[in-house]
Amino acid sequence: MNAPIPPPLASSASQRVPAHRPLLSRTGWMLVLVALVVNCVVVPVAALLVPAGSPLAMSAYGLTLAGKIMCYALVAVALDLVWGYCGILSLGHGAFFALGGYAMGMYLMRQIGPRGVYGDPVLPDFMVFLNWKELPLAWHGFDLFPFAMLMVLLAPGVLAFVFGWFAFRSRVTGVYLSIITQAMTYALMLSFFRNDMGFGGNNGLTDFKEILGFDIKAATTRTVLLVATVLALALGYLACRFIIVSKLGKVLAAVRDAESRTRFLGYRVESYKLFVFTVSACMAGVAGALYVPQVGIINPGEFAPANSIEVVIWVAIGGRGTLVGAAIGAVLVNFAKTVFTTGAFAPYWLFALGGLFVFVTLFLPKGVVGTLSAMKRKHRAPADGALPVASESPAE
């Protein structure tokens, strides 16, 4: 007589696992809402309505610093999407960030018109200085804001698509892919340093006057730019979350953990990697476009490979594969950089940053947020031996 077949061991656990992962948990939505209220309501009130002498007032420097750090957080989230969830360690996201910045800078330069030093209604000052007679073809259309915003997405997006098309189809992975992304960034930096490229040479683009008809240095304009940056960061984060909780995200995780097996199962790995790499590049371009009007300059130094490496450090410290950790890492590191590079510790900042990266790699390989999430999951683990449901970090 045959013995009855027992039910699958995972049946009880599978009943506890939701069929579809939510975009954000309830706690995650609450944290996003609090962050939006603080940055979109509290900070503007402190900047515009609180008297300048009050300790609660937000200075112009504070607005610029906050906006700059939010831009860095957005490019960190973009890198975490490809590195943390697809295993693509890109050392070239600084190039996508800079291309978006140059697209915005070209629009801002075209808005100067006859208010420039040389008074030319069409040519930017540096072109007049270099004795250029007509506007280069690459600059046409940048007097229109919609066209400039389209280029903010197309310039880094097309570069990432073309680069990824050849790299991923050639099955370049690992450290080799990282090296050629860094080489791409360095090549662009050298190109933009040349005066005959028509992008301002080593001085870059600066002396902006207005954006959409508003004085770019006015407190109101800077506040609106900060709010726009925070909203872009929130939308970018939600877009990344939408990708990783979908079926596409599961395939990306499979590519990250076992690319060869995923390919043998019939998935076109190159297409998935190309898609997420292009999306990430476009996000970095948006970050660069929001960065330029708040900082007031864009030059070839933004292409420096060290900038791309710093983004990797932000993600590693905050927590790779968490999204929110990447943003937190960017905020913490850049705030510390602002504090420690303005005093006696300035010559030692890079040593401190390198030491922090080594410490995190050795003792906190999951980063700050990843480690805290792991501790939380361990604390919540059931004691009866049942299979636990995979939990998410608080911000997710």
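Quick note: the coordinates plus some simple rules give every number you see, no bench work behind them. Owing to the predicted nature of the structure, the values given are computational and were not obtained by experimental measurement. Methodologically, a virtual Cβ is constructed for each residue, glycine included, from the backbone with ideal geometry; neighbour enumeration extends over all protein chains shown.
Counting every other Cβ atom within 10 Å of each residue's Cβ, Ile180, Ile317, Ile244 order from fewest to most as Ile180, Ile244, Ile317. Taking a ≥ b ≥ c as the square roots of the eigenvalues of the alpha carbon gyration tensor, the chain is prolate, as a/c is not under 1.5 and a/b beats b/c. Normalising the average separation of contacting C-alpha pairs (under 8 angstrom, six or more residues apart) by the number of residues puts the relative contact order of the range 60-303 at 44 percent.
What shape does the range 270-310 have by the C-alpha gyration tensor, where a ≥ b ≥ c are the square roots of the eigenvalues, rounded means a/c under 1.5, and otherwise prolate means a/b greater than b/c and oblate the rest? The shape class here is oblate.
What is the sum of charges, Lys and Arg at +1 and Asp and Glu at -1, for the other residues whose Cβ falls under 14 Å from the Cβ of Arg169?
Working: positive: Arg171, Arg263, Arg268, Lys273; negative: Glu259, Glu270.
Value of the local net charge: +2.
How would the range 67-107 be classified by its alpha-carbon gyration tensor: rounded, prolate or oblate, with rounded meaning a/c under 1.5 and the a/b versus b/c comparison settling the rest? Oblate, since a/c reaches 1.5 and b/c is not below a/b.
Are there DSSP H segments in the chain that both extend 27 Å or more along their axis (alpha-carbon positions) and score a mean Kyte-Doolittle hydropathy of at least 0.5? List them, or say none.
Helices passing the filter in the chain: 60-86, 145-169, 174-192, 219-244, 269-295.
Positive end of the charge dipole of the chain (Lys, Arg +1 and Asp, Glu -1 on Cβ, about the Cα centre): tell me which of Thr371, Leu36, Gly301 has its Cα farthest that way. Going by the charge dipole, the pick is Thr371. Annotation note: trypsin sites (Lys or Arg not before Pro) in the range 257-300 located in DSSP loop regions with a Cβ neighbour count of at most 14 within 10 Å are Arg268.
Helices in the chain, meaning DSSP H runs of at least 4 residues, each add -39500 (n - 2.57). Divided by all residues, the mean residue ellipticity at 222 nm is -20500 deg cm²/dmol.
Here the Gaussian network model covers the chain, with springs between Cα atoms less than 10 Å apart; of Gly174, Gly288, Gly116, Gly174 fluctuates the most. The Stokes-Einstein estimate for the range 197-247, based on a Kirkwood radius over Cα pairs and taken at 10 °C with 1.306 mPa s viscosity, is a diffusion coefficient of 114 µm²/s.
Look at Glu134, Glu259 and count the other Cβ atoms within 10 Å of each Cβ; fewest to most, that gives Glu134, Glu259.
Derived from the Cα gyration tensor, the three semi-axes of the equivalent ellipsoid of the range 311-370 are 21, 13, 7 Å, largest first. Among Ile179, Ile297, a tally of other beta-carbon atoms within 10 Å of each Cβ gives an order, fewest to most, of Ile179, Ile297.
So how far, in whole Å, is the C-alpha centre of the range 113-163 from the one of the range 263-324? Centre-to-centre (Cα) distance: 24 Å. Under a Gaussian network description of the chain, with springs only between Cα atoms under 10 Å, the residue in Leu159, Leu372, Leu33 that fluctuates furthest is Leu33.
Taking +1 at the Cβ of each Lys and Arg and -1 at the Cβ of each Asp and Glu, which of Gly100, Leu159, Gly318 sits farthest along the dipole of the chain towards its positive end, judged by Cα position relative to the Cα centre? Result: Gly318.
Net charge within 12 Å of Thr229 by Cβ-Cβ distance, Lys/Arg positive one each and Asp/Glu negative one each, not counting Thr229 itself? Counting the neighbours of Thr229, the net charge comes to +2.
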